[in-house]
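A.B. asks: Have a look at this one.
A short reminder: the numbers here are calculations on the coordinates, not readings from a lab. What you see is a predicted model, and the numbers here were worked out from it, not measured in a lab. Here the Cβ positions follow ideal geometry from the backbone for every residue, glycine too, while neighbour counts run over all protein chains shown.
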Amino acid sequence: MKDRTRVNHPPRVELPPDNRPLVAPIYQNVKFEFETVEENERYLRGERPGFYYSRSTNPTVRQLELTLAELQGREDCLALGSGVASISVVLLTLLAAGDHVLCFAETYGPTVHAIRRIMARFGVTHTMLSIEDEAGIESALAARPTKLVVFESPTNPVLKIADIARITAAARAHGALTVMDNTFAGFHNHGQYPVDVFLHSLTKYASGHGDVMGGAIIADRAILSKLKGDANVIGAALDPHAAFLIQRGLRTYFVRYENQCRAAQRIAEHLERHAGVASVSYPGLASHPRHALARAQMKDFGTIVSIELPGDAAATARFTNALTLFASVASLGSTESLVIPARLQSQHNLNAEERAWAGMRPGTVRLSVGLEDVDDLIADLERGLVAAAEG
Ligand SMILES: *Cc1c(COP(=O)(O)O)cnc(C)c1O
């Protein structure tokens with residue numbers, strides 16, 4: 001073999017069968033070969049296991065998918081290139097012209113955009129309600145055939161709690177599938193409810209370190225197998241290296257999430273007592289209107305705290321600018337703490353009434369609590385509140 005050939009056919013290194021790496025290797029690989037054309041054909045007919053092309057599946061991505069399915073308590077998972085990709089793939093693969101979707105004002109902005117702007121162009125209609133309007137949900141489902149009910153809990157950014165048992169029961173009674181974006185609550189929450197499809201942004205708690213993007217669709221096999229063929233053609237695949245980093249992040253998922261919840265509870269309690277804060281929304285506070293429901297539904301109350309500052313929007317800017325430990329960016333669920341005035345989050349797809357349901361006011365600020373020392377975080381917030389009051 002000449003050198004020119006050798007560099008394109010490097011020697012193979014095979015591990016002995018009784019010798020394995022503790023961390024699975026990254027299959028940074030697009031193509032997988034079968035020994036014969038006949039075996040390749042059997043694979044394409046679904047008659048044998050294997051891998052063929054990384055847009056449809058890859059061993060590193062598959063390991064992540066199997067981990068996430070188990071964490072969320074469902075049979076299978078499809079991991080994709082971002083959280084938004086998982087939302088778009090669910091909408092594009094499960095909906096057709098003439099279908100109706102039930103969705104909510106307290107929903108992640110890009111999800112509303114996808115339903116209201118993109119799916120509407122393909123003849124999909126929707127009804128927008130408030131997530132706390134259970135009677136409205138039941139009557140909307142009774143009034144017309146509905147394909148999907150798309151919701152979140154706790155909601156973004158003011159942490160309302162959806163009544164999951166009631167919503168899933170109403171949807172089942174009327175033959176609608178429920179799609180729950182479970183990013184805020186995490187993989188260890190809500191699996192006990194008959195939610196048909198869970199969505200997650202892996203960019204948040206799964207990776208945990210704010211350095212990689214990914215998304216996941218988690219459901220039972222019947223739904224996922226229907227969706228995988230179309231998803232392969234949409235092409236929002238997760239890169240194997242990103243999958244590896246997310247799998248690595250998951251090793252500390254519980255340690256991070258539990259510590260961040262404890263710190264969030266302390267911060268919420270501290271801010272609730274603070275004269276410089278008009279109100280605090282955190283499902284772990286007894287003052288949260290649905291604290292009892294959150295306690296019944298969730299194992300913990302999450303790492304996001306929403307506060308309302310007195311005064312105008314300028315107060316939220318003074319508060320945010322004065323913080324040194326909380327980085328002022330979008331996103332959440334990182335090891336470092338983050339802050340964002342709610343008005344920076346997209347609301348342009350909501351009308352005035354829906355904005356009121358969403359609960360965002362000029363003084364609303366969202367905190368994502370990280371892994372720093374909680375006393376340092378509270379001292380930082382004190383600095384912010386002094387600055388906010390100086391207007
Ligand atoms: C961030 C987020 C998404 C989108 O995830 P990306 O990975 O940024 O595409 C979807 N839903 C919720 C609730 C989120 O917070």
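A.B. asks: Taking the radius of gyration and the Kirkwood hydrodynamic radius from Cα positions alone, what is the Rg/Rh ratio for region 31-87, to two decimal places?
C.D. replies: 1.05
A.B. asks: Given H placed 1.01 Å from N in the peptide plane, which residues other than close sequence neighbours of A327 have an amide H under 5 Å from its amide H?
C.D. replies: S337, L338, V339
A.B. asks: Got a sec to turn the phi values of region 20-28 into Karplus ³J(HN,Hα) couplings, 6.51 cos²θ - 1.76 cosθ + 1.60 with θ = phi - 60°, whole Hz, x for Gly and Pro?
C.D. replies: My calculation for region 20-28 gives 9, x, 5, 9, 4, x, 7, 7, 7 Hz in order.
A.B. asks: Once phi is turned into ³J(HN,Hα) by the Karplus curve 6.51 cos²θ - 1.76 cosθ + 1.60 with θ = phi - 60°, what whole-Hz value does each residue of region 176-191 show in order, with x for glycine and proline?
C.D. replies: 9, 8, 9, 10, 10, 6, 9, 4, 5, 7, x, 5, 8, 10, 6, x
A.B. asks: Using all C-alpha to C-alpha distances in the chain, build P(r) with 20 Å bins and read off the rounded percent in each one.
C.D. replies: 26, 53, 18, 3
A.B. asks: Still on this structure, I have one more. Near the amide H of L129, under 5 Å away, which other amide H atoms are found, from residues 5 or more places off or on another chain, if H is placed in the peptide plane?
C.D. replies: Residues meeting the amide H criterion: C103, F104, A105.
A.B. asks: So, one more: Can you list the lysines whose alpha carbon is less than 26 Å from that of K31, not counting same-chain residues fewer than 8 positions off?
C.D. replies: Qualifying lysines at Cα under 26 Å: K2, K226, K228.
A.B. asks: What ranking, highest mean first, results for peptides 19-27, 53-61 when packing means the other Cβ atoms within 10 Å averaged over each residue?
C.D. replies: Top to bottom by mean Cβ count within 10 Å: 53-61, 19-27.
A.B. asks: Whole-Å semi-axes of region 90-219's equivalent ellipsoid, largest first, each the root of 5 times a Cα gyration tensor eigenvalue?
C.D. replies: Its equivalent ellipsoid spans semi-axes of 23, 17, 13 Å.
A.B. asks: I'd like the distance between the alpha-carbon centres of region 235-265 and region 11-32, rounded to an integer number of Å.
C.D. replies: Cα centroid of region 235-265 versus Cα centroid of region 11-32: 24 Å apart.
A.B. asks: May I pose another question? Quick one: compute the contact order of the chain, relative version, from alpha carbon pairs under 8 angstrom and 6+ residues apart, as a percent.
C.D. replies: 17
A.B. asks: Here is a follow-up. What share of the DSSP beta bridges in the chain is antiparallel, in percent to the nearest 5?
C.D. replies: That works out to approximately 60 percent antiparallel.
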